[in-house]
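These notes are about the structure you will find just below.
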Amino acid sequence: MAEKKISQGLKSALELGPVLLFFVAYIKMKEEVYTIGGTEYSGFIVVTALFVPLLLLSTGILWKLTGKLSRMQVLTAFMVIFFGGLTIYFNDEKFFKIKTTIVYGFFASVLGLGLLLKRSWLEYVLDDFLPLKPEGWMILTKRLALMFATLAVANELVWRLMSTDAWVKIETFGFPAAMFAFFMAQAGMLQRYSDEPEGPEKEDA
């Protein structure tokens, strides 16, 4: 199915809305304890139970409107369902926190495996959006694999050594800010290894 175009504002709202709503709901409900079916659940567990269907709904709407989901969106939705379900079933918030480590670790491992095979699998995913020369793809892949590995380790340290409050704030704002800063820092390299034709050649293409 061909990808359909939607406004960037709507796309961002569907992608980021559930995460921001999770944060807002957690802040409001974190001190509460809810008894459901004779079992007590913390506010974090209840918010997680609400977040899972909300993320699935927003992902479904995004797929319906665009006709396409990225591999990262599909993997994230699967991880949220799986680890969100474990969190609720075992009434233990650590499962939901571990999800982030596994997602980042998975991408670091996949990119790292590609590098061992002397291939940039990042190019396979992003080539249509980011034209780079082969050496540029290899450099970006190495750096991004290291970045994902760093975030995976950071998540483990945060959820194991810090409070749930700290983890929620870093998960919601800290890690996305780190990724944004990472890509901003690659601007010079991306420009240097750009594979887009310049000047008259670009106009004649």
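From the Kirkwood radius over Cα pairs of the chain, Stokes-Einstein at 10 °C and 1.306 mPa s returns a whole-number translational diffusion coefficient of 83 µm²/s.
Around the amide H of Tyr41, modelled in the peptide plane, lie the amide H atoms of Tyr34, Thr35, Ile36, all under 5 Å away and 5 or more residues distant in sequence or on another chain. Atom-type composition of the exposed protein surface of the chain places 65 percent of the accessible area on carbon and sulfur (1.4 angstrom probe).
What is the sum of charges around Phe22, taking Lys and Arg as +1, Asp and Glu as -1, for the other residues whose C-beta is under 12 Å from the C-beta of Phe22?
On the way: positive: Lys28, Lys30, Lys169; negative: Glu171.
Spelling it out: positives minus negatives among the neighbours equals +2.
Between Leu130 and Glu15, the FRET efficiency estimated from the beta carbon spacing at R0 = 25 angstrom works out to 0.85.
Normalised per residue, the accessible area of the chain is 61 Å², obtained with a 1.4 Å probe and no contribution from ligands, DNA or RNA.
Across the stretch 163-172, coupling constants 3J(HN,Hα) worked out from phi with the 6.51/-1.76/1.60 Karplus curve, θ = phi - 60°, read 6, 4, 4, 5, 4, 4, 5, 5, 4, 7 Hz, and Gly and Pro carry x. Extent along the principal axes, Cα only, for the stretch 26-134: 58, 34, 22 Å, with the longest axis given first. Take 132-144, 64-76, 152-164 and order them by the average number of nearby Cβ atoms within 10 Å per residue, most first; the result is 132-144, 152-164, 64-76. For a 31 Å ceiling on Cα separation, which of these pairs sit above it: Lys64/Lys99; Lys99/Lys133; Lys4/Lys28; Lys4/Lys94; Lys30/Lys142; Lys28/Lys94? As for pairs spanning more than 31 Å Cα to Cα, those are Lys99/Lys133; Lys4/Lys28; Lys4/Lys94; Lys30/Lys142. Summarising the amide proton neighbourhood of Leu132: residues at separation of 5 or more, or on other chains, whose placed amide H is nearer than 5 Å comprise Asp195.
The values are calculated or read from the model by the stated rules, or taken from the named source; none is laboratory data. Quantities reported herein were computed from a predicted structural model and do not represent experimental measurements. With ideal geometry, Cβ positions are generated from the backbone for all residues, glycine too; neighbour counts draw on all protein chains shown. Ligands, DNA and RNA are excluded from the accessible area calculation, which covers all protein heavy atoms including side chains. Shrake-Rupley method; radii C 1.70, N 1.55, O 1.52, S 1.80 Å.
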